[in-house]
Every structure is written in structure tokens, then in C-alpha cells.
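Nothing in this text is a laboratory measurement; each read-out follows from the coordinates by a stated rule. No experiment lies behind these values; they were computed from the predicted model shown. Virtual Cβ from ideal backbone geometry, glycine too; neighbours counted across all protein chains shown.
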Amino acid sequence: MKLIEWYRYALKENNLSGIRGNLVAIIGIISSCVFIYTAMFGNLPGLTQRGLMFMVTCSIVFLVKPVNGNKDSKAALAADLTLVAITVFVFGNVMINWFGILNRAINVSAQDMAACVVVSLIVLEATRRVIGLTMPIITLVFIAYGFLGRYAPGVLRHRGISLRSFTASVYTTQEGLYGTAATATANFIMIFLIFGAFLEFSGAGEMFSRAALSLLGGRRGGSAKASILASALMGMISGSSVAVVAATGSFTIPLMKKYGYNDIEAGAINAVASTGGQIMPPVMGSAAFIMANTIGVSYYTIALMALVPALLYYLAEFFMVDMIAGKRGIKGLSPDEKPSLVEILKKEGYMFAPVVVLVVLLAVYRTSVQKAAIWSIVVTLLVSLPDKAHRITIKKFLAALINGAVSGISLGGIVGCAGIMLAIIMRTGLAQAFTGALVTISAGRLIVLLILSMIASMILGMGLPTTACYIIVSTMAVPAMMDLGVSREAAHMFAFYFGCISSITPPVAVAAYAAAGISGCDPFKCGWKACVFGIAGFIVPYVFVYQNELLMMGTTPNIIRAVVIAFLGVYFLASGVIGYAVTTFPKWIQPVLIVASLMVIVPENISTIIGLAVCAVCMIYNLVLHNKQKRLMA
């Protein structure tokens, strides 16, 4: 039968087989259909929608990540099927009996307390299987702090919480486990993962990469420039730095190495570009949806605020790879290796339509995020029909439904653990204590507070995914920033930005390490080199905190002025870091140019004017050197 043939194709495309694979496929197809339905016709009741998300993601984790790592083990299969059954039962109970659970609120029953313990253990185990022990251990430390707070030192001491109050905070309210992060994941992120899966099976991602190669590949340092553009295009849809590294790095990293970039540079360039996808509109990373929910603005507003900082981030890297190419004489791809852009646009240009539709619906018509995602899926299906290579057939449709659900396997555990930690933070007063401590340590000086918040983000980012890192930092550090006069939007964007940048920050730089695996270089060196290429990401957040115009907030003339100056500053910074403009700078000029470029970027008139003047002198001197070298060579 055709249906069985299509189903087997969907299993094969998702590397699924056996009892585990069939269960994953069934769960994936049914749940993706439900998420598509709710995006079209409205969400299910709050806890029902979120309970479904947890049930689906955690169940799939237990099926695709065996308890002992051996999919063929019968003992592991029995244990994992038992866990799936428990997961379905407890979250199914939440989905069905949501009204009674919420109605009890703080009057929790023994059954509620037992269920709370079980769901907590489920999300901890699901998280452990997907991203390792770090986040579960941190979550357990928070739980221990909640119960044993009376023994904590100094300002951290509190009277301690009981299992009853823990249950009330975590399980029987629309906070804690079912709070903002779970809401954004269930309502918005899951449908975008499904959209991304349909784009992938239409072949749009591969087309984006070839378009990037054809557009920039023939230019100086074209292999690296194409890598940046390809990763940015893929990152706009994926939002996962590691996934983008895997998708684009497999062909762009070897290409960069072939044309003159060393293995460390090639890995770092791809890692930085892939990490930028989390801050690049229109889709960005999952934390962006949570931020929109947290601060109560539309997702369009978040995407608009992120646009200029994201462009500055990518432009800095683009300038650097171009300057390295100029310094070393790295040429572009040969005509044989470079696809024809005209041919790509003629034959496959219509595959850009889903992304264009998504942007138009969000930016022009201000459609809801869910409706924008649904219409983008519909357009993907329609535009894929004419070309057999891109056509979403029924078998590809089934494969995409499964892939969309499987793509979200890390989310349930992560947002669950983050929700538990957040419940402890709020119940114990840790957020207020931490906010007060930050303000006290910084002595009311904003720059010191920002540095402390950045350090906190990076430390948390070593063990937590971007989503969890943002949630914790936004809860504990953002109020302190706002107390010192930072706007709510800028404070949240600051926390979000550094949560993303942790992907390229050693010692645990997940994107850099993934790229190093493809490049064959030392992961630690790749991480540090990524910090150099991504230097704008460490500077721009400080600028938009002091100058909200970079977040598109303010009058149009002021926004234009701030953007132009920031772009100039980023160019001069890249030139100083690499030591090249039209020719190589003497070593002693590089630190002068770096300092002057930072003065340009600093949002203060006198500093900017002095910085621009010094940078102009450096550039004129560089041009004089270049002309002198040309005369000597003539």
C-alpha cells in the first residue's frame, strides 16, 4: 500500500526504526497536527497546551535517547517504555484535569504533591539525556536551596519551603513548570520548528547555501563570506547555533580551508555566523519568543529591536574575513565552483517566498506569530509543487511532521528545569536578594552592573542553553538594570544577547566546539578565535543599553545617526583587530585604532568626534602606505 510506503520513507528520513522509531513517528505526526490545528484555530486551554508540549517532547526524548545509550537493549526498551507511559499518564492528567489543578491553587492535595515530584523527575531526566548533567545538577542545587534555605549564609538565608509550597509554586499554578517559557514553547516555538522542518524537506536550506555561494563566493575571501551569509540565512529559520553549524559547516568549512583560511579560522568563522542566527530576525532563537511573552510586547517588536544589533554582529565578522583575505591575498572561488545566481533565482528563486511571506506578515500586517507561521507553511507547500526536486509530497509531508516534533526534544526538559528554578527563585526571594546584591556591589554604577550581568550570563551559559540562561538572568539581573534606569526592552535584550553569545565563549562554547569537530582543530583555540570574530557581540549590547536608538527606539533622525556611527565604529574596530584596511597597518597603530573605534561606538558626542578623527587619520595613513607600496612595486 502507498500509505505504508510513505510512512516507511518518513521513518527512514528521520533515521527511525523498530518499536522506538514507530512510536516516535506516531507521536510526532499526531502532535504536529495538533500544534498546526491550534495555530490555525486557537490554542487549547493553557495547561492542556503546555501539558501536551511536555508530554510530546519528554516522551520522544525517552524513545530516541535510551537510558543506557543502547537502542537494541531490551532492558533499556522496557525501562524507557515505562517512562513514556508514566509521562503520558501524568501530563495527560494535567491536560484533562487542568481546571481542577488550577482551582486548587495553594490547597494542594497529596496526589498533587506526588504528581509534582514525578513531573520534576521526568523533566530532569529528559534534560539529562539531551544536554547532559550540568543543567539537572544546577536545578537540583536550586531545589536543595529552596528546601534548606534556613541553613544558607547571609542574605541568601530564608525560612525554607515545604513540599506543599514547592508543589503550589511548580505544579498547580500557571507559573513555575507551566510559566512563561512553557507558554512560549507550546504556543509559538513548536509551530516554528514544524515550519523549519517543512522548509528543510523542501530543499530551501540547501538552496539558501548555494545562493550565498553564488552571490559572494567569487569575491575576495568569498568562501568565508558565503559561509557567513549561508549561516545567517539558515540561522534566521533554525535559531539553533549547533544545528546551523552542522547544516552549513560540512561544506563551507572545508571550502574555507581550501582557499587559505586555516582550520581554526574556518571553524571560528562558521561558529560565529551560526551563533548569530539566534539574534537574527525574522525567527531568531527560542528565547526571543519567551522574551516577547515576558515583557508583554509583540514578537515583531522583538525582531525589530534585534535587527540592527544583529547586522552589526554580522558586519563585524564580514569585515574581518574580508580584511584577512586582503592581507593574505585569499581569492574567491573559481567560476567552476561558483553556482550561477541567475540560474538559481530563475529555477529556485520562488523558494524564498516562505521567508518573504513570514517577514511581510510579521512586519507589515502585524499578524500573530502563529498565523504567520501557518501561512508560511502553506506557502512552502504551494511553491514547492512545480519542481519535483522541491515538491513536498505526502511522504515528505509525513517526514516533516515527525521532524518538527523531534526537533523540539530538548525544549520540554530545558523549559521545565528553567521553570522549576524560576519558581524557587521567586518563592524564596532569591531574585530580590540577587538584585539588591548586584546594585550594592556595583555601587549604583551602571557599567559595573552590566559587566557583572554579562559575567553571570556567560557563567550560566557554560552549563545552560540560551533559553534557560536568558530566563534566569532576566529574572535576577534585569530588575537591577531597570533600577538603575535601563529601559525594560534594553535590559531584556542585554540578557538575551549574552545568553546567545555564550555559544562561542570558552570554556564551554558549544557552537565553536561543533565547528571544531568539522574543521579538525583544537576546540578551545577555535572558541577563542570565535570570540575575536564575534567581538561586536560583546560590545554592541553595552551600546544599545546607553543608546536605545540601536534598538529602533527613538526619533528617526536619531536612529539613523546612531546606526551610521555604530556601523563606522564596527568597521574601524574590525580593521584594528585584523590590522588591515587597504594595506597592512604597522603593529603599533592597531591598538590605537581599536581604542579609537571604541570611542566612536561609545554613545557620547565628544568621544565619538575624537574617535572619528583618530580613525580618519589612521585610515589616511594606511592609504598613504598603500600608495607608497604601489610606487615601489611599479
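Label sites at Phe99 and Ile4, each approximated as a point 7 angstrom past Cα along Cα to Cβ, lie 4.4 nm apart. Computed over the range 554-634, relative contact order equals 27 percent, with contacts defined as Cα pairs under 8 Å that lie 6+ residues apart.
Return one number: the angle in degrees, 0 to 90 and rounded to the nearest 10, between the long axis of the Cα atoms of helix 446-463 and the longest principal axis of the Cα atoms of the chain. Between helix and principal axis, roughly 60 degrees.
Against the chain, whose longest principal axis is taken from its Cα atoms, helix 523-533 shows a tilt of about 60°.
In sequence order, the range 217-234 has phi-based couplings of x, x, 7, 4, x, x, 4, 6, 5, 5, 4, 5, 5, 4, 5, 5, 5, 5 Hz under the Karplus curve 6.51 cos²θ - 1.76 cosθ + 1.60, θ = phi - 60°, and Gly or Pro positions carry x. On full extension, the segment bounded by Thr393 and Val582 gains 62.9 nm, given 0.36 nm per residue less the C-alpha separation. Electrostatic bookkeeping for Arg159 treats Lys and Arg as +1 and Asp and Glu as -1; over the other residues with beta carbon under 12 Å from its beta carbon, the sum is +3.
Summing +1 for each Lys or Arg and -1 for each Asp or Glu among the other residues whose beta-carbon sits under 15 angstrom from that of Ile578 gives +3. Relative to the longest principal axis of the Cα atoms of the chain, the long axis of helix 263-275 makes an angle of roughly 60 degrees. Each residue of the range 361-369 was assigned a 3J(HN,Hα) from its phi angle through the Karplus expression (A = 6.51, B = -1.76, C = 1.60, θ = phi - 60°), giving 5, 6, 8, 8, 8, 6, 5, 4, 4 Hz with x at Gly and Pro.
Sparse packing (at most 13 other Cβ atoms within 10 Å of the Cβ) combined with a DSSP loop state is found for the following trypsin sites (Lys or Arg not before Pro) in the range 387-425: Lys388. Reported to the nearest whole Å, the Cα centre-to-centre distance from the range 290-330 to the range 541-588 is 12. Considering helices alone, the calculated mean residue ellipticity of the chain at 222 nm is -24500 deg cm²/dmol, with DSSP H runs of length four and up weighted by -39500 (n - 2.57) and normalised per residue.
Going from the fewest other Cβ atoms within 10 Å to the most, the residues Met633, Met305 appear in the order Met633, Met305. Taking the number of Cβ atoms within 10 Å of each Cβ as an exposure proxy, the fewest-first ranking of Ile610, Ile27, Ile191 is Ile610, Ile27, Ile191. Exposed loop sites were defined as chymotrypsin sites (Phe, Trp or Tyr not before Pro) in DSSP loop states (anything but H, G, I, E or B) carrying at most 16 other C-beta atoms within 10 Å; in the chain the longest segment without such a site runs 1-364. Overall, the ratio between the Cα radius of gyration of the range 554-634 and 2.2 N^0.38 Å, rounded to two decimals, is 1.22.
Name the trypsin sites (Lys or Arg not before Pro) in the range 125-196 that are in a loop by DSSP and that have at most 10 other C-beta atoms within 10 Å, would you?
Arg159
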